[in-house]
1. For the chain, what is the charge dipole size about the Cα centre, in debye to the nearest 20, if Lys and Arg each add +1 at the Cβ and Asp and Glu each add -1 at the Cβ?
2. Counting helices only, and only those DSSP H runs with n ≥ 4, report the 222 nm mean residue ellipticity of the chain as the sum of -39,500 (n - 2.57) divided by its residues, in deg cm²/dmol to the nearest 500.
3. Give me the net charge of residue 67's neighbourhood, meaning all other residues with Cβ under 15 Å from the Cβ of residue 67; Lys, Arg count +1, Asp, Glu -1.
4. Counting only heavy atoms of protein chains, what accessible area per residue, in Å², does the chain have with a probe of 1.4 Å?
5. At a threshold of 8 angstrom on Cα-Cα distance, excluding pairs fewer than six apart, so keeping six or more, what relative contact order does the chain reach in percent?
6. Beyond 31 Å between alpha-carbons counts as too far, so tell me which of 9/34; 2/116; 69/116; 60/114 fall in that bin.
7. Using a 10 angstrom cutoff on alpha carbons, build the Gaussian network for the chain and name the most mobile of 25, 96, 76.
8. Measure off, as a whole percent, the carbon and sulfur share of the 1.4 Å-probe accessible area of the chain, all protein chains present.
Amino acid sequence: MKHSEAFEKLVAEIRPLIDEISIDTVLDWQRTAKSFTLVDVREDHEWSAEHIDNAFHLSKGIIERDIEKHFPDRNTCLVLYCGGGYRSALATYNLTRMGYKNIHSMQGGFRDWKGKDLPCSNKMA
């Protein structure tokens, strides 16, 4: 998907202010049983079509409003992902500003995860 110049500029401005981690880091954390939650911030229809196994869904449209209901401990380790890493970067930035201290955005998002043939769930199946 081609993003607007203004959107790309906005994400580029906040990227140095957040912690982005690679898919390989996420896989390493899974292998070593590090305690964290994958949070899918894509839209409902994207989540319903397919998502990473064992992920939790809070779309970008509601995550700032609802995060405290689901993750009240601001030290909880959360790894956010979206389709390509843009929306998750923005959500990571916002949650960091809300006081979340152990929050990360997964670089490359779901597209790169699928590109590596990693496990996914089809919610509609």
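The values are calculated or read from the model by the stated rules, or taken from the named source; none is laboratory data. Bear in mind the structure is a predicted one, so any value in this text is a computation, not a measurement. Glycine also receives a Cβ, built like all others from the backbone with ideal geometry; neighbour counts cover every protein chain displayed. Note: accessible area is taken over every heavy atom of the protein model, side chains too, but ligands, DNA and RNA are not part of it. Shrake-Rupley method; radii C 1.70, N 1.55, O 1.52, S 1.80 Å.
1. On the way: 17 positive and 19 negative charges, 29 e Å.
I would put it at about 140 debye.
2. -11500 deg cm²/dmol
3. +2
4. Numbers: 6880 Å² over 125 residues.
Here the residues of the chain average 55 Å² of exposed surface.
5. On the way: 190 pairs, mean separation 40.8, N = 125.
Rounded, it is 33 percent for the chain.
6. 9/34; 69/116
7. Judging by the Gaussian network model, the answer is 25.
8. Working: 3360 of 6880 Å².
Carbon-and-sulfur percentage of accessible area, whole number: 49.
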